[in-house]
1. Got at least one residue in the range 369-377 being buried (at least 18 other Cβ atoms within 10 Å of the Cβ) and at negative phi?
2. Select from the range 360-404 the residues that are of a type in the set (Lys, Arg) and more than 19 Å from Met438 (Cα to Cα) and list them in ascending order.
3. Of everything in the range 2-54 that's in a loop (DSSP other than H, G, I, E, B) and at positive phi, which residue is surrounded by the most Cβ atoms within 10 Å (Cβ to Cβ)?
4. Looking at the range 350-361 only, could you name the residues that are surrounded by fewer than 24 Cβ atoms within 10 Å (Cβ to Cβ) and either within 18 Å of Gln107 (Cβ to Cβ) or in the same structural domain as Thr104 (by TED's automatic domain parsing) (or both)?
5. Please work out if Ser339 is assigned to a loop (DSSP other than H, G, I, E, B), touching a residue at least 60 places away in the same chain (Cβ under 8 Å) and in contact with a Gly (Cβ under 6 Å, 6 or more places away or on another chain).
6. Considering only residues that are outside any loop (DSSP other than H, G, I, E, B) and under 13 Å from Glu58 (Cα atoms), look in the range 118-146 and name the one that is nearest to the chain's Cα centre (by Cα).
7. Quick check, is Lys428 modelled with pLDDT of 95 or more, surrounded by fewer than 17 Cβ atoms within 10 Å (Cβ to Cβ), outside any loop (DSSP other than H, G, I, E, B) and basic (Lys, Arg)?
8. Could you tell me whether the range 182-198 includes any residue that is in a strand (DSSP E or B) and either at pLDDT 95 or above or β-branched (Val, Ile, Thr) (or both)?
Amino acid sequence: MNDLSERKYNQKLRTAEQVANMVKSGDRIFFGEFVLRPDGLDEALANCADRLSNVIVEGVCITRVPKFIEVDPHREHFIYHDWHFSGVGRKLYQQGLCSYIPFTYHQGPRVVRKYNEYDFVFVTARPMDSQGYFNFGLCNSLTSAAITKGKKVVVEVNESLPHCLGGNQESVHISRVDYIVEGVNRPLIQVTPAVPSETDVRIARHVLNEIEDGACLQLGIGGLPNVIGSMLADSGIKDLGIHTEMLVDSMVDLYNEGKVTGNRKTIDRFKMVYTFAMGTDKLYDFLHNNPACASYPVNYTNDPRIIAVNSKVVAINNAIEVDLFGQVCSESAGTTQISGTGGQFDFIFGAFNSRGGKGIIGISSTFKDKAGKLHSRIVPTLRPGSIVTVPRSIVQYVATEFGIVQLKGKSTWERAEALIGIAHPMFKDELVRQAGEMKIWLDRNRDYEVEIAAVR
């Protein structure tokens, strides 16, 4: 740290309590992203609840309940909005303590710059380096945009963060920071990879057949991406690239196995490109000062035009249900918000425009409700109130444990036929019947000539 930066640091140093006491009723606060939460500022804000009202706080996919929400169970003091739901956000939503902000992930920074103003932007970052920069570490998606719209920018230092190289806009200089809080340095949240089910394994086998040497991967979180990662590690496929919104543990394994080189990428060659990382210490230790990784804002990583520049992009995403028209719902169960649009649309759209690219929706064919009753995830129409995450015109591949189908260029009849072909056998007859009722499947047992004559 040079003398000038040190003087500025000391001038801007405040306690979390001092910053929280600056917050007024009606203020709007940007609160950070994913596993990075300003814990000291959170606790100090909670302690100020009784004097505050209508303070709007926005975060991106919180991974544990903030203190300011815990102390305000009736939403009397703080109104929390989330740009994407984790399991925590979903539970808060069900309790009426959280609202969802609909958006397409790659447009997030533009939305912030065009329409949002923040009285305070709370940023969790590493200690300042010798050049006066605070590195954001694991999360870079909306933070840099929020800083441009913040009246007061507050950095809470957490020494537990890895130093994550860019890319770009992965750091903020002290000259753009109003206050600095030396935080409580809690260890980072560990997001343990989900244990894949037998169904995940069966889906992964179909997906693996679509991945070639030199493919550029986007994998998300969950059992299916994990098992795909382990299968790729054991396969003969080589020279993979990574261009993803989320960097996860399975990608570290692929890199360490020598499967990920980035040698065949068109842009960001030899770099594992991402906008946020979430996993275990294996991932966080891997990222620290690692020049093989590049952190970018999400308007770069998720821009479909950028995604499409690399060849053979394979984007693999999950869903809640798919209807016979090919519409994909990945974020709600009827009217109940489950997650969010996130980057699914971005990558499915971008992958198709990549030379040799494939956007894949991987979905188990069935699920059981709370009563143990089995239901099909391939349905005649999405249930009422369901949000269309990927419209039928954008969907490319759909995979279940019973196979994988490509829907581009297919008629409604051909789409219905293909999707019924990968549905669970016990639901196929009913799906055929429903498709006939909707007139998107030719039911050869019906007398269409009589029906047409009646219409005339």
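The values are calculated or read from the model by the stated rules, or taken from the named source; none is laboratory data. No experiment lies behind these values; they were computed from the predicted model shown. Quick reminder, even Gly has a Cβ in these numbers, built from the backbone with ideal geometry, and neighbours come from all protein chains shown.
1. So far as the range 369-377 goes, yes, one or more of its residues are buried (at least 18 other Cβ atoms within 10 Å of the Cβ) and at negative phi.
2. Scanning the range 360-404 gives Lys368, Lys370, Lys373.
3. Here the residue is Phe34.
4. Listed by number, the list holds a single entry, Asn353.
5. no
6. Checked the range 118-146; the qualifying residue nearest to the chain's Cα centre (by Cα) is Thr143.
7. So Lys428 passes the test.
8. Yes, the range 182-198 contains at least one residue that is in a strand (DSSP E or B) and either at pLDDT 95 or above or β-branched (Val, Ile, Thr) (or both).
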